[in-house]
Structures are given as C-alpha cells and as structure tokens.
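The next block holds one structure in the form of structure tokens; read it before the comments.
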Amino acid sequence: MIHLNTNGTDDKTYKGERSPCDPSRVLHIRRVPIEVSEAEVISLGVPFGKVTNLLMLKGKNQAFIEMASEEAAITMVNYYTTATPHVRNQPVYIQYSNHRELKTDNLPNQGRVQAALQAVNAMHSGNMTLSGTATASDGGMMPGQSPVLRLIVENLYYPVSLEVLHQIFSKFGTVLKIITFTKNNQFQALLQYADPMNAHHAKMALDGQNIYNGCCTLRVEFSKLTSLNVKYNNDKSRDFTRLDLPSGDGQPTLDPSMQTAFGAPGIISSPYPGAAGFAPAIGFHQAGLSMQTMPGALGPLTIPSSAMTGRMTIHGMAPTTIHSVLLVSNLNPESITPHGLFILFGVYGDVHRVKILFNKKENALIQMADATQAQLAMSHLNGQRLHGKVIRVTISKHQTVQLPREGQEDQGLTKDFSGSPLHRFKKPGSKNFQNIFPPSATLHLSNIPPSTTDDFLKDLFASSGYTVKAFKFFQKDRKMALIQLGSVEEAIQALIDLHNHDLGENHHLRVSFSKSTI
C-alpha cells in the first residue's frame, strides 16, 4: 500500500544533484502546508491535463497526485522545474513518484477527494471557453472570483517584462497565461491562474505594491473574463501550458471578444530585438533587485540588460546568480559525444561548453549562453529519447563548466564550443528565434543547393540508417524541404548526425525540428 511507503522510497532522491526517478503519471508533492484543501493541490495539476486521483498525507506535509497520462505529468514537472509552485504562499516541491498509479479505494476521506476532483476538473474544462463575468451558477464561482487578474503598472520607470510578471505572480499559484498590452498610455496585463483562490491571494498581497524600489506600482483587480485565449507565445503573450504555439510576427492580435473587454490595445515595444521574448545572448551580467518594498512576496528580480544600460544603479541592487548550466543524466555512455550534445542542445540556444563526467559518463554538464536558453532547452529536451534512453535535463547547481587544466587527463570529454561557427542564435533578432519547436519526427532542411534532388536527400538519410516516411520540397523555395522519419527519436539522432553535412557547392545542410508534418 502506498501510505506505508511514503517516507521510504520517495524521500531518498532529494540529496544533492541525483538523477530523479523515471517519469510516472503519479507525482509526489512535498512541503504541503497543513491547512491546504484538496482542491488547491488538484489545481496544481489541472492546467496540464485531467487529474485522476489524489492522496493527501497532511501529517507528513505531503501529497500524491495522479495525472491521466504520463505526458501530462512530464509537462507538469518540466513547467514546475523552471517556476517553483507556491500554495498559500509556501513553495512546494514536485517530482516523479516511484508509484505507477494510486490505489486509494479503501482509504478514509476518499469520498471528499473524489468530490474535489470532479469539481476542479469540471470547473477547469468549463473555463476553457471564453465566457463573460463568472456568476455563482457557472461553476460555483462568485462574482469577483475569476481566475483572471487585470494588472496596471503605474510609474513605469523601468520596462516590466512578461517574465518579471510571471516571476512575481507565480509565488501565489500556477500562472497559466499572460497577455500584455498598452491602453490609455498605461502598461497593462491580463494574467490567468489555475485557480480563482490563487488570484484572490495574489490580489490581496500585491495590489498597491512596487515592483522595483520606489517605482512600477502594481494595481491589481479581478477581470470580467474567466479565461484567456492566447494565440502566440512571444514577449507580449504566453500560454505556459502550451509550448507548441507559434511566435507570430511579434504582434499578438487579441480575438474580438477580448478586445471588447478592454478596447483595442496598443503594443509595447519589446526591449529585445530577438523574437519570442528570448533575450539575445549578449554577455551582460544581469543585475537583480532586492525587493525591500515587498517583504516575503518578491524574491530578487532580474532587470533586462536593455533597462540597465544608461540607467543609474538602483538602490538595493545586488548581482544575482543566473544559472545557465544544465545537468543531463541517463545518457547512453556508449554513444554520446560532446559534439553530439552541442548540436542537439544548440537547437535551443548557443552552447558554450560541454563536459561529459569522467567517472559517470551517463551524465553531462552543458553551459548555455544564458539562463533563458538553458530553460528553453530543458523544457524541450527533458524526457526525450536519445540513443535508446530517456534523458533527464535539469538546471545544474554549477554556474560554469570548468575546462581541464594543462596535462589533466580528460579523454576529450570536455569541449569549449564558444568560438564555433555553428551557433544558431549569435545574431540578435535572428530568424532562428522564431523557429524553435519541440523535437518532432518531421525535420526542416534548409541551405540545399539548387542541383540537389529529393532522391539524393532521401538516400542520404536512408544510408545513415533512418526510415524515410515522406519527403517534400517547399513549393516556393527549393532551398528548403521537410523530411519525415520513423520516430521522434530517429529525428533527434538524424539531426545530430546530419546537421552541417557538406552537400557540396559550398552548401552545408541545416537541420531543425519542424512544427508542420507532411
């Protein structure tokens, strides 16, 4: 039975930088405040899919939550690795459980749990449509208890980015979606939580507070909307539950039903030339602000480098550590090379250094150009299959990857790639920022010389051992093509093998993951 075992197996994996258990649709949640309700714990999982069961162990400040699918659980763990979830303003910790499912039929209080599951799941699926004001009849929410907040930032002396809002409001619960816009010359945002209670707590704590010392005052009110419909993930709007949305042209259009909610919005210009809200990799050390105005609510914030240049230093600023090093575990030691990891992780950011650990070759450290790129690579590659193994990607506690000293035995396991010509994101505002997609079985090929035929390219992939299921040149531009392989794992492997392959005529093949299928 699960409740006999909770202190044993599930608690041992927290020491230091150990590889966590394999993915499971059951998640183990620790440090749960004792006064928390079933509904609040369930609402941590609901944004990512249906929650099918729950076990609360209040005496141990723990809970187990079971998702309908392993995919939903993986998405949830990846999301909460970058944004620590808070319940009742307390951080809670989530990881995969050793259990594959929860068997709770004969435990006490399960009637209450089932009722809470039905209520939260129903409210969430009902909320997905964009309705007007929430009333007590449509899901039991009272007016003013929408999960959507409307934010206005006054005294905007420094740009406030979508990431900054996400960092602040995540302290009060799972933030699902954010849309930012300018109206009446004021920077405003709409922000949707998983649970109206989170929105209520955030409003109570944050209304009237300053984001930075002495400026950027937050005004927080409930929105009339009960759900936001985000079409693009970029620096103006973001749906954190869907990594697959396009970045658009950097101009998110709001659908008509939302325009009526707050007039046609203007667009604030982004502090970054790079699209999709990712700061270009310029070597600024970002400086954080210690939040003296907000005891307990805000941790140190980072101001975008563009806001820092040419500004006075702000009272209370201290450099913060921004982690751009990833720990990759469960690699296949027979097949892995620093170059292979450089090419794969280079799809999501510029890789500066790779170190395969000398005495534990199934682990590697990868230093990205900045923390945003590290989180991006983690969210897309954690849980993917590489050389027959499901790899784990987490943020490492190391801040840099050390190169071996002169004469130190290394067997070529540590490589510095900072001067490589193969970086995809060196140019700020590069088109590549807009074409970042999760691994898929269909690859996008580009930089193909004019004389190359489809048979030549199909043979190139087939002779390297890959199953070619379909191939198609772009109609308007024969320099580009799509090729569909047998599986996502094959496509990952083929990208590593054939990116930068010399096609002759001074053309090297560029390989990326495609968002479309053939």
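The values are calculated or read from the model by the stated rules, or taken from the named source; none is laboratory data. As the structure is a prediction and not an experimental result, all values here were calculated from the model. Don't worry about glycine lacking a Cβ; one is built from the backbone with ideal geometry, like all the others, and counts go over all protein chains shown. With ligands, DNA and RNA removed, areas are computed over all heavy atoms of the protein, side chains included. Shrake-Rupley method; radii C 1.70, N 1.55, O 1.52, S 1.80 Å.
Carbon and sulfur together cover what percent of the accessible area of the stretch 476-518 at a 1.4 Å probe radius?
Values: 970 of 2100 Å².
In the stretch 476-518, the share of accessible area belonging to carbon and sulfur is 46 percent.
Say each of K479 and L243 gets a label point 7 Å from the Cα, pointing the same way as Cα to Cβ; how far apart are those two points in nm?
In this crude spin-label approximation the distance works out to 3.0 nm.
Over 18 Å between Cα atoms: which of K58/K203; K431/K469; K427/K476; K361/K415 fall into that group?
Details: K58/K203 27 Å; K431/K469 28 Å; K427/K476 26 Å; K361/K415 15 Å.
With Cα atoms farther than 18 Å apart: K58/K203; K431/K469; K427/K476.
For the full complex of protein chains and a 1.4 angstrom probe, list E101, E505 by accessible area with the highest value first. Walk me through the numbers before you get to the answer.
Numbers: E101 85, E505 110 Å².
Correct descending sequence by accessible area is E505, E101.
Got a number for carbon plus sulfur as a percent of the stretch 148-239's accessible area, 1.4 Å probe? Numbers along the way, then the final one.
Details: 1250 of 2790 Å².
The value for the stretch 148-239 is 45 percent carbon and sulfur by accessible area.
Can you put R150, R219, R112 in order of accessible area, largest first, using a 1.4 Å probe? Numbers along the way, then the final one.
Values: R150 45, R219 90, R112 130 Å².
So the residues, ranked largest to smallest area, are R112, R219, R150.
If the only charges are +1 at each Lys and Arg Cβ and -1 at each Asp and Glu Cβ, what is the size of the charge dipole of the stretch 332-447 around the Cα centre, to the nearest 20 debye?
The dipole of the stretch 332-447 has a size of about 260 debye.
Suppose every K and R has +1 on its Cβ and every D and E has -1 on its Cβ; what is the size of the dipole of the stretch 355-417 about the Cα centre, in Debye to the nearest 20? If you can, show how the numbers build up before the last one.
Values: 9 positive and 6 negative charges, 68 e Å.
Around 320 debye, computed over the stretch 355-417.
Residues of the stretch 325-430: accessible area per residue at 1.4 Å, in Å²?
On the way: 4570 Å² over 106 residues.
With all protein chains present, the stretch 325-430 gives 43 Å² per residue.
Taking the alpha-carbon centroid of each part, what is the distance from the stretch 374-453 to the stretch 47-88 in angstrom?
Going from one Cα centre to the other spans 29 Å.
Answer rounded, prolate or oblate for the stretch 325-430, using the Cα gyration tensor with square roots of eigenvalues a ≥ b ≥ c: rounded when a/c is under 1.5, else prolate when a/b is larger than b/c, else oblate. Don't skip to the end; give the middle numbers.
Numbers: a/c = 1.63, a/b = 1.14, b/c = 1.44.
It is oblate, given that a/c is not under 1.5 and a/b is not larger than b/c.
If you roll a 1.4 Å probe over the heavy atoms of the protein chains, what accessible area per residue do you get for the stretch 437-513, in Å²?
Values: 3670 Å² over 77 residues.
Spelled out: the 1.4 Å probe surface of the stretch 437-513, per residue, equals 48 Å².
Have a look at I492, T414, H507 and report the one farthest towards the positive end of the charge dipole of the stretch 404-510, computed about the Cα centre with Cβ charges (Lys/Arg +1, Asp/Glu -1).
Selected residue: H507.
Rounded, prolate or oblate: which one fits the stretch 148-239, using the alpha carbon gyration tensor with axes a ≥ b ≥ c (rounded when a/c is under 1.5, else prolate when a/b beats b/c, else oblate)? Kindly include the intermediate steps, with their values, before the conclusion.
Working: a/c = 1.58, a/b = 1.18, b/c = 1.34.
Oblate.
Taking the Cα centre as origin and putting +1 on Lys and Arg beta-carbons and -1 on Asp and Glu beta-carbons, what dipole magnitude results for the stretch 148-239, to the nearest 20 debye? Working shown, then result.
Working: 10 positive and 7 negative charges, 43 e Å.
With only Lys, Arg, Asp and Glu charged at Cβ, the dipole is about 200 debye.
With label points built 7 Å along Cα→Cβ from the Cα atoms of H323 and K60, find their separation and express it in nm.
My value for the distance between the label points is 2.5 nm.
Of S69, V113, V51, whose Cα points farthest to the positive end of the dipole of the stretch 26-119 (charges on the beta-carbon: +1 Lys, Arg; -1 Asp, Glu; origin at the Cα centre)?
In the stretch 26-119, that residue is V113.
Got a number for carbon plus sulfur as a percent of the stretch 325-430's accessible area, 1.4 Å probe?
Numbers: 2200 of 4570 Å².
The C+S portion of the solvent-accessible surface of the stretch 325-430 is 48 percent.
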